[in-house]
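Taking it in order: structure first as structure tokens, then the write-up.
The values are calculated or read from the model by the stated rules, or taken from the named source; none is laboratory data. This is a predicted model, so every value here is computed, not measured. Cβ placement follows ideal geometry from the backbone for every residue including glycine, while neighbour counts extend to all protein chains displayed. Surface areas here come from the heavy atoms of the whole protein model, side chains and all, with no ligands, DNA or RNA. Shrake-Rupley method; radii C 1.70, N 1.55, O 1.52, S 1.80 Å.
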Amino acid sequence: MAEKTYMYVGCFTEPERAGTGSGGIVVFEKTGDGPWKRIQTVEQRNPSFLAMSEDKNFLYNVQGGGDRLCAYAINERTGKLSFLNSVPSKAGLALEVCNGYLFVAAGDISVYPLKEDGSIENEVARLTPTGEIGPMKGIQHSAQPHHILHDAQKKYFAVPCRGMDYKQWLAEAGSLDTSGGVSLNPSIATIPEVVVVQPEVETGMDMMMPDSTYTETETTYTTEKSGGYLITYKTIIQRIYSSNGELLMTRSEGPTEVSREAAQSTSGHGSADPSKIVSSLSGEVARVSVGISFKDSLANEILALINASRAKDGLAPVTMGGDSQKLAKARAAAMAEYDSADYKNPLYGDLAAMLNTFGMSGIPSENTWRTASSRSANEIHARFMGANGSRDAIMSSLYTEVGIGIAVKNGYLYISEVFFK
């Protein structure tokens, strides 16, 4: 007799979530290689995420936008569902069954014991992920766990937090030990031999391949002020790492313009006044840096990465300091003061114009970026290496010096890399 296979499908039912106003969990049956047939519909409000018990005898669901967790018994012979019970909960987004508990991602991580008959007990613990909130205002305003998935050994949970863009929060299954952690914050889905890591907010995707190389794809948006417009560009950068973390290859697509709007005065920043620039470059750095802090240790880390990349191509290292460092710090401070990442600095103009202001000569090049303050040296360097023009500056045999100014203000890094000869 041909084997029967069952499929359980959740959905949104309410019109405000593009539902039809009816429906719920739908059960399908397939015999052998035959077609799928609907055999049951369990009416329920927005059963948007389902999870099966470890022994496959029970099914659980959260209600998208609702306030209940529901449990069902699965008939071993027919595959149909029988309602067991429901308990109150926050509006859930995802859930996972592990070690006799139901773990629910719903703004926090809530824990519900499961009885032997499959029914759910009331909440016994709740954990709120902590960490730095991401840079996308209006979207990233709190941790917002949006998925939860345990590893094969049932020792850790991966909890992607929509609001925390750069850290992945891990909890030990059962004990809820939050001491572990890694440097990513994505949603995780598994397929044979590949782990795909996809964040809900469009900032990147990571993939672990069977050959132990690691591919990271990042989508970045930068906004520059030019010709009276604020222009937003999209850049897609793909980086391939070896199993020990060595960057093997970088590909990029863009930057591509995605929006353009008339620039308005930035409230609280005022207009740049070049008449206040002092004649000494050292004095100007001191003047423009009032109220601005710098991440010098991060700059040193980036310098090491720049020289490591140059060494791979047989290029001599660049040194950091002197006038190039003063230029970079002044430009980064002005970027922070006027909230800009334009190559045409709001205070000094482009780099060539700034050299002329201070009576300097040379062949300069600059990389700039405004990004969240949680970015690491590896992320910053990889971003510049993934943009063709920026990479050309980093890997040019022409340059012997670099200045790296990293100003910090209002939760953002304002980065200027000035390459100089």
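Of note:
- Residue list for region 82-91, restricted to those being open to solvent by 10 Å² or more (accessible area, probe 1.4 Å), within 30 Å of ILE39 (Cβ to Cβ) and either touching a Gly at 6+ places or on another chain (Cβ under 6 Å) or of a type in the set (Val, Ile, Thr) (or both): LEU84, ALA91
- Counted residues, region 305-322 - those being out of contact with any strand residue (DSSP E or B) (no Cβ under 7 Å at 6 or more places or on another chain) and not in a loop (DSSP other than H, G, I, E, B): 7
- Among the residues of region 92-113, the ones that are in contact with a strand residue (DSSP E or B) (Cβ under 6 Å, 6 or more places away or on another chain), open to solvent by 20 Å² or more (accessible area, probe 1.4 Å) and small (Gly, Ala, Ser) come to 1 in all.
- Candidates GLU401, GLU366, GLU417, GLU379 - the one that is of a type in the set (Asp, Glu) and in contact with a Leu (Cβ under 7 Å, 6 or more places away or on another chain): GLU366
- Selection status of SER390, assigned to a helix (DSSP H, G or I), more than 17 Å from GLN325 (Cβ to Cβ) and among the hydroxyl-bearing types (Ser, Thr, Tyr): yes
- The residues of region 341-374 that are within 18 Å of GLU401 (Cβ to Cβ) and part of a strand (DSSP E or B), listed by number, are SER365, GLU366, ASN367, THR368.
- Checking each residue in region 256-279 for being modelled with pLDDT of 80 or more, in a loop (DSSP other than H, G, I, E, B) and over 15 Å from ASN345 (Cα atoms) picks out VAL278, SER279.
- Any chance SER361 is within 24 Å of ILE237 (Cβ to Cβ) and either of a type in the set (A, V, I, L, M, F, W, C) or surrounded by fewer than 21 Cβ atoms within 10 Å (Cβ to Cβ) (or both): no
- Reported count of residues in region 281-297, each being in a loop (DSSP other than H, G, I, E, B) and either at negative phi or at pLDDT 90 or above (or both), is 4.
- Scanning region 63-97 for residues that are among the hydroxyl-bearing types (Ser, Thr, Tyr), in contact (Cβ under 8 Å) with a residue 24 or more places away in the chain and outside any loop (DSSP other than H, G, I, E, B) gives TYR72, SER86.
- For region 280-301, filtered to residues that are within 23 Å of THR319 (Cβ to Cβ) and touching a helix residue (DSSP H, G or I) at 6+ places or on another chain (Cβ under 7 Å), the residue that is surrounded by the fewest Cβ atoms within 10 Å (Cβ to Cβ) is SER282.
- Evaluation of ILE120 against (1) buried (at least 19 other Cβ atoms within 10 Å of the Cβ); (2) at pLDDT below 75 (one fails), failing number: (2)
- Some residue of region 405-415 being among the small types (Gly, Ala, Ser), at pLDDT below 95 and open to solvent by 30 Å² or more (accessible area, probe 1.4 Å): yes
- Among the residues of region 339-363, just one is of a type in the set (Phe, Trp, Tyr), at pLDDT 90 or above and within 39 Å of the chain's Cα centre (by Cα), namely TYR348.
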